[in-house]
Amino acid sequence: MKFIFTKTALPGVIVVKPEVGSDERGTYSENYKASEFKKAGIKDIFVQENRSISRRHVLRGLHYQRGGYAQAILVRCGRGSIFEAVADLRPGSKTFGKTFTIELSDANGLMLYMPAGFAHGFYILNDGTEVMYKCSREYSPGHAAGVRWNDPALAIKWPDRNPILSPKDSALPFLKDAEL
């Protein structure tokens, strides 16, 4: 099966649309195929996959890992829909502090790839939404970091100004104070 890879305004961040086949039984798609991703310039090998199921109005993020533990990520929504946001945190990047947002859902089948050096977070638009993301490096608690979801420097226009947050995400620093 084929994929359509669409570049975004943030260098390295790519929207991925898998081809979906269907018949009287239902639908089928390949969500990842290393050879196709490599042809599109995505050379990361994914070594861990995470899954969350959340209720509506939950916001998770913005998360990233520092230093040699920085992760490239491929995120998709298996059930429901999310508002996904990514921020360029690569020091020296021409787009440092710039963001990109997209709705990912089971209906549109889109995925989002971001290389190492980006923070990401997502807001849940439907109860029971399932999010899965592949990572190019294993999670390292000592290198986990984040940036405040509502940092004015990032100017992300989230769907909700009062999301449900974990205590940890509520206490994340603003970009100006973050460890990169």
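The values are calculated or read from the model by the stated rules, or taken from the named source; none is laboratory data. What you are looking at is a predicted structure, and each value in this text was computed from that prediction instead of being measured. All Cβ positions, glycine included, derive from the backbone under ideal geometry; neighbour counts span all protein chains shown.
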Within the stretch 141-162, residues being surrounded by fewer than 19 Cβ atoms within 10 Å (Cβ to Cβ) and not in a loop (DSSP other than H, G, I, E, B) number 4
Across (1) closer than 29 Å to Gly26 by Cβ; (2) free of Cβ contacts under 8 Å to residues at least 60 places away in the same chain; (3) not in a loop (DSSP other than H, G, I, E, B), Lys134 clears everything bar (2)
Filtering the stretch 118-140 down to residues that are surrounded by 20 or more Cβ atoms within 10 Å (Cβ to Cβ) and either of a type in the set (Gly, Ala, Ser) or modelled with pLDDT under 95 (or both) yields Ala119, Gly121
Among Tyr64, Tyr69, the single one that is of a type in the set (Ser, Thr, Tyr), touching a helix residue (DSSP H, G or I) at 6+ places or on another chain (Cβ under 7 Å) and buried (at least 17 other Cβ atoms within 10 Å of the Cβ) is Tyr69
Going through the stretch 13-41 in order, the residues found to be surrounded by 11 or more Cβ atoms within 10 Å (Cβ to Cβ) and either in a helix (DSSP H, G or I) or among the basic types (Lys, Arg) (or both) are Lys17, Lys33, Ala34, Glu36, Phe37, Lys38, Lys39
Flagged in the stretch 52-87 as charged (D, E, K, R) and more than 12 Å from the chain's Cα centre (by Cα), in numbering order, are Arg55, Arg56, Arg66, Arg79
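Pick from the stretch 63-98 the residues that are part of a loop (DSSP other than H, G, I, E, B) and of a type in the set (Lys, Arg): which of them is nearest to Lys38 (Cα to Cα)? Steps first, please.
Narrowing the stretch 63-98 to residues part of a loop (DSSP other than H, G, I, E, B): 66, 70-72, 80, 89-98.
If we keep only those that are of a type in the set (Lys, Arg) too, we end up with 66, 90, 94, 98.
Details: Arg66: 25, Arg90: 22, Lys94: 25, Lys98: 26 Å.
Residue satisfying both the conditions and the ranking: Arg90.
Just the residues that are among the charged types (D, E, K, R) and surrounded by fewer than 16 Cβ atoms within 10 Å (Cβ to Cβ), please, taken from the stretch 42-55. Spell out how you get there, then give the answer.
Taking the stretch 42-55 as the starting set, the residues that turn out to be among the charged types (D, E, K, R) are 43-44, 49, 51, 55.
Selection gives Lys43, Glu49, Arg51, Arg55.
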(1) surrounded by 12 or more Cβ atoms within 10 Å (Cβ to Cβ); (2) of a type in the set (A, V, I, L, M); (3) in contact (Cβ under 8 Å) with a residue 40 or more places away in the chain all hold for Met1 apart from (3)
When (1) without any contact (Cβ under 8 Å) to a residue 60 or more places away in the chain; (2) assigned to a loop (DSSP other than H, G, I, E, B) are applied to Ala119, the one that fails is (2)
